[in-house]
Amino acid sequence: MREIRRQLLHTLIVLAVLCAAGTIGYMTVEGWNFLDSLYMTIITLATIGYGETNPLDTSGRIFTIVLIVGGIGVMTYIFTNIGELLMQGGLREAFRRLRMQDKIEKMSGHFIVCGASRPGLSVCEELAKTNRPFVLVVLEDEEVKKYMKQDWCAVAGDASTSAVLAAAGIGRASGIFCALSNDKDNAFIAITARGLNQAVKIITVQNEHDAEMRDKLQRAGADIVINPSHIGGLRMASEMVRPATVQFLDSMLRGQGSGARFEDIEAGAGADGRELAEFKGADRKGALVVAVRQPGENAYELNPLPGQKLKKGDILVALGTPDQLKALAARLA
């Protein structure tokens, strides 16, 4: 993007300098006004051949010859640059970048994923599958082009700096994932993000097997610290002792299209005082409510009874397809 901008700017500067030189030349040599001089310069460079704006004397004709000869080379250079941009898709990419930046500026309540590591890309894939807006922060500009092809929003730069996080919309984001391969870098991102948005939820990866690292990351501002090695070990044990359950959960996380999902849904004013039986879904086609958590509580009530009264702010853990979950959320609003 920077190279395209530089090339376009250079082309426009060359064109502006040539037009300015021709205009000043006619004003000086012929004594014409600004508009007549600019008009004569444009039709001369464009080789339109409309004729002279005013009669030219000998010095004016000599200047016109110089302008035409010099202008041919400059205009060839300009059109060559424009042609290269068109042939290489540079202008198309520039417009796509502008649309993406406009989309990022309009985002609110979105997520920021820092790092195109394996955990980071897995987060992006899940967010994309569930139609949640997000911005991926990568280090190099070439990576932005790669992920733009997947219709992802991305920005390039050091994710631990305020400027890059601001470009990703940290002030309007609801959550940020720190998924770099270095825990110190993740800690710096958490510190910067917390300073820019006190309310943002921060989840970070812990790569080092250091007993103190988890505490360090939490002190840096992380709300949740995930250790992939620990989770990987639990997964291996689960594959051995409860394979059917693991396969069922995998079918939800990796399923395409209408694959089932677990989802947190908050009960709104429309559900306040109503019985869970109206929403639970066990006896109808729709998302199934498997647990309920009341406001201010950490414990979940598993398999709640149909007659349980809901309150505004209750968190319902529901299982269903994306469409079923969306319909349930609308009914609970």
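The values are calculated or read from the model by the stated rules, or taken from the named source; none is laboratory data. These numbers were taken from a predicted model, which means no experiment stands behind them. Note: ideal-geometry Cβ built from the backbone for every residue, glycine included; neighbour counts use all protein chains shown.
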Picking from VAL74, VAL113, VAL123, the residue that is surrounded by 14 or more Cβ atoms within 10 Å (Cβ to Cβ) and not in a helix (DSSP H, G or I) would be VAL113
Picked from region 25-48 (must be in a helix (DSSP H, G or I) and of a type in the set (A, V, I, L, M)), the residue farthest from VAL14 (Cα to Cα) is VAL29
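Quick one: would you say GLY175 is closer than 20 Å to LYS106 by Cβ, touching an Asp or Glu at 6+ places or on another chain (Cβ under 8 Å) and in contact (Cβ under 8 Å) with a residue 60 or more places away in the chain? Give the steps one after another, and end with the answer.
Values: closer than 20 Å to LYS106 by Cβ: yes; touching an Asp or Glu at 6+ places or on another chain (Cβ under 8 Å): no; in contact (Cβ under 8 Å) with a residue 60 or more places away in the chain: yes.
No, not satisfied.
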Considering region 158-172, residues that are without any contact (Cβ under 8 Å) to a residue 40 or more places away in the chain and crowded, with 17+ Cβ neighbours inside 10 Å, and then whichever is farthest from LYS106 (Cα to Cα), we arrive at SER160
When (1) assigned to a strand (DSSP E or B); (2) free of Cβ contacts under 8 Å to residues at least 60 places away in the same chain; (3) aliphatic (A, V, I, L, M); (4) under 20 Å from ALA330 (Cβ atoms) are applied to VAL225, the one that fails is (4)
In region 49-65, residues that are in a helix (DSSP H, G or I) and more than 17 Å from LEU38 (Cβ to Cβ) total 5
Taking region 170-221 and keeping residues within 16 Å of PHE134 (Cβ to Cβ) and part of a helix (DSSP H, G or I) leaves ILE170, GLY171, ARG172, ILE189, ALA193
- Task: Could you check, for region 95-105, whether at least one of its residues is surrounded by 12 or more Cβ atoms within 10 Å (Cβ to Cβ), among the β-branched types (Val, Ile, Thr) and either at pLDDT below 85 or more than 30 Å from GLN150 (Cα to Cα) (or both)?
- Result: no
